[in-house]
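This report refers to the structure that appears directly beneath it.
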Amino acid sequence: MIGLKRVYISADLEGVAGVVHAEHTHRDGREHDAARRLMTAEVNAAVDGALAGGATEVVVNDSHGSSMNLLPEELHTKALLVTGTPKPLSMMEGIQQGDHYHCAMFVGYHSAMGRRGVLSHTYAGSIVREVRINGRMMGETGVNALVAGHFRVPVTLVTGDNRVCQEAEKLLPGIVAAPVKEAIGRYCASGMHPQRARELIREKAKQAMGASLQPFKLDKPLRLELSFLNSGQAEAASLLPGVEWIDSVTLGWTAPDAETLFRILRVLINLGRGL
Ligand SMILES: [Zn+2]
């Protein structure tokens, strides 16, 4: 509808300022509750910035792990929260619903497995070694942007460490980036005070409301190649009819569109868990 500017936020945890370790990101980690508060405050900053930039509605999807990280009572009162698991579209649940979104924003994101960066991984750190789509290596930023693109929504903001910001800028030229920490190693970073990180995110989210980016799309059909950490995981996932073996740890699948590709990717990862 004319005049409506709906904004979609997918919120992860590894890219939040001050977060560097599994003690922050695992549900039973000793620093997890502190990390949840930091995450909620950064999301609030993005919501605030989006509203200042003209957003009329902001939907926030809690996209980390069990999807029960954001503290509902402390979340911005104007935001709608998608929480709990499993969700049909996982980190992008909600992007498919309702009227078209003006843009999507990725908050607290991290770089892809195989790349440097704080807590880098791609969906499942103990299962996925690499995801390639049409021959290009993709992390969560790329795959999730492709899902947003399927629903004609451009991703205009990424926040996280300097590495994920570089990854996003390379893949999605014109995206507004808010680097809140510099990766020193996989489990260490030098970062700004959380309050300053929130100010930066608020300012960049406001700016991102005016960014003119096209929805991210690749030529169809989309070719997915998923490399697992070990051959047993690939064997378990190869039970899915239609899957092709590429090498001892890599399976292939050709999908007609990004939503189907995302669903197949998640099925393969879940089968790879061998549960
Ligand atoms: Zn993640």
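The values are calculated or read from the model by the stated rules, or taken from the named source; none is laboratory data. What you see is a predicted model, and the numbers here were worked out from it, not measured in a lab. Please note: Cβ atoms are built from the backbone with ideal geometry, for glycine as well, and neighbour counts cover all protein chains shown. To get the accessible areas, we keep the full protein, side chains included, count just its heavy atoms, and leave off ligands, DNA and RNA. Shrake-Rupley method; radii C 1.70, N 1.55, O 1.52, S 1.80 Å.
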Practice prompt. Would you calculate, for the chain, the mean residue ellipticity at 222 nm contributed by helices, counting each DSSP H stretch of 4 or more residues as -39,500 (n - 2.57) and dividing by all residues, to the nearest 500?
Written response: -9500 deg cm²/dmol
Worksheet item: List the lysines whose alpha-carbon lies under 27 Å from that of Lys170, not counting same-chain residues fewer than 8 positions away?
Response: Lys5, Lys181, Lys204, Lys206, Lys217, Lys220
Worksheet item: Restricting to the chain, what percent of DSSP beta bridges are antiparallel, rounded to 5?
Response: 45 percent
Worksheet item: What is the Rg over Rh value, at two decimals, for the chain, using alpha-carbon atoms and the Kirkwood definition of Rh?
Response: 0.95
Response to the item:
Protection proxy (average C-beta count within 10 Å per residue), highest first, orders 92-100, 135-143, 244-252 as 135-143, 92-100, 244-252
Practice prompt. State in Å² the accessible area per residue of the chain; use a 1.4 Å probe, count heavy atoms of protein chains only, and round to the nearest integer.
Written response: 43 Å²
Worksheet, complete the sentence: When the chain is treated as a Gaussian network with springs between alpha carbons less than 10 Å apart, the largest mean-square fluctuation among Lys217, Lys170, Lys204 is found at Lys170
Discussion item. Can you give me the % of accessible surface on the range 152-243 that is carbon or sulfur? Probe 1.4 Å, all protein chains present, nothing else counted.
Written reply: 49 percent
